[in-house]
1. For residue 103 and residue 178, compute 0.36 nm times the residue count separating them, minus their Cα-Cα distance, and round to one decimal in nm.
2. All other residues with a Cβ under 10 Å from the Cβ of residue 162 taken together, and with Lys, Arg as +1 and Asp, Glu as -1, what is their net charge?
3. Kindly put 115, 195, 177 in sequence by how many other C-beta atoms sit within 10 Å of each C-beta, fewest to most.
4. Counting only other residues whose beta carbon sits under 14 Å from that of residue 175, what net charge do I get with K and R as +1, D and E as -1?
5. Using 0.36 nm per residue, how much length does the chain from residue 45 to residue 194 gain when fully extended, once their Cα-Cα distance is taken away?
6. How do 287, 240, 194, 98 rank when sorted from fewest to most other Cβ atoms within 10 Å of their own Cβ?
7. Where in the stretch 348-368 is the amide nitrogen less than 14 Å from a point lying 7 Å along the Cα-to-Cβ axis of residue 307?
8. Enumerate the residues in the stretch 190-208 having an amide nitrogen under 17 Å from the point lying 7 Å beyond the Cα of residue 282 toward its Cβ.
Amino acid sequence: MKNSIILNLLFVVSLNFSCAQNTDNKITTPKESVFSAELFVDELQIPWGFTFLPDKSILITEKEGKLIRFANGKKTIINNVPEVYNRGQGGLLDITLHPKYTKNGWIYLTYASTDGEEKGGHTAIMRAKLKNSSLTEKHILYKAVPNTTKGQHFGSRIAFDNDGYLYFSIGERGDRDINPQDIKRDGGKIYRLHDDGRIPADNPFQDVKGAKTAIYSFGHRNPQGLIKHPITGEIWDHEHGPRGGDEINIIKKGANYGWPLVTYGINYGGTPITDKTEMEGMEQPIHYWVPSIAPSGMTYVTSDTYKNWKGSLLVGSLAFQYLERLILDGNKVIAREKLMDGMGRVRAVHEGPDGLIYVAVEGKGIYKLIPKS
């Protein structure tokens, strides 16, 4: 027993020392802010996701199950939204538009769904159209199984790539030793579909008997950030680690991202999960956080609106309640900045069609970052 405790302590110390050598994990606060934060949409509770419509209005998901349209300073509740399993981290989650929305009108939603024979819920993705403040032509594209009453790790974000494929993430639902490494089970995965829900013929596990053939990558914990890199076209994700070990990954076809066999984190109680931070055949993150910031939402800055921000990643922190700017050199994080410190739990962040950054904060609403001249 004593030897076990000593080994655990040595592992924790060595892990923390290793992470301390990772200069990517140092964070600074800018001496002068390049923006002011203006509350643009007020009185939101948990604005999990939002997206901009072509008319400059905003569709906003509230975790409890409400879909809101914000236009000209007014909120309208959208009707006929799918029933959600509002438990723990589950509820109405991400929302995005089809890349050709102006032609086809498709809107995509992820949410915790009770559909199925088992009690509880699991993550689903649906597409629908918006007509007269109501969702129409609703169709579930994918529903993970089995349901569980556990309240953690639903994921879930949505992204499209340059070829029009639809990607979405599902967390491992708290079953870390079962789901993420098993391609015959849902959870702890990133999935790829055609925009109508068909499974692409070249998905990586089509020829594996019993596999969930919608899976594109596996070995994930709880991905709550998913974007298309606007320059390379790659799909990037970030995901929650346990105590330490939040990650940013570049998603590759058929790749294994290691959870829980490799991790830079430890159990919440301080004991090790594994003594390995890398293994042959498993992808390494391009960046990891120690301590965990609990990342939620992510966007890549493409505009010149804010001084020196172009080409940066912006990521929300739930744990420390700030917006983080990660400065990149190619695929390497070379510096970090803390923005909006103490503003609240940042749930989602997007660059708007006007080139401005919009940030959703729990218990407050959506802020618009106004650049200073």
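We did not get these values from a lab; they are worked out from the coordinates using the rules stated. Treat the numbers as computed from the prediction; the structure is a model and nothing was measured. Positions of Cβ are backbone-derived with ideal geometry, glycine not excepted, and every protein chain shown enters the neighbour counts.
1. Numbers: separation 75, 0.36 × 75 = 27.00 nm, distance 4.18 nm.
Full-extension gain reported as 22.8 nm.
2. On the way: positive: 228; negative: 161, 163, 234.
Here the charged neighbours net out to -2.
3. Working: 115 14, 195 17, 177 10.
With the fewest neighbours first, 115, 195, 177 line up as 177, 115, 195.
4. Neighbour charge sum, excluding residue 175 itself: +2.
5. Values: separation 149, 0.36 × 149 = 53.64 nm, distance 3.27 nm.
Stretched out fully, the residue 45 to residue 194 stretch lengthens by 50.4 nm.
6. Least to most surrounded, the residues fall as 194, 98, 287, 240.
7. Of the residues in the stretch 348-368, none has backbone N under 14 Å from the label point off residue 307.
8. Output list for this probe position: 190.
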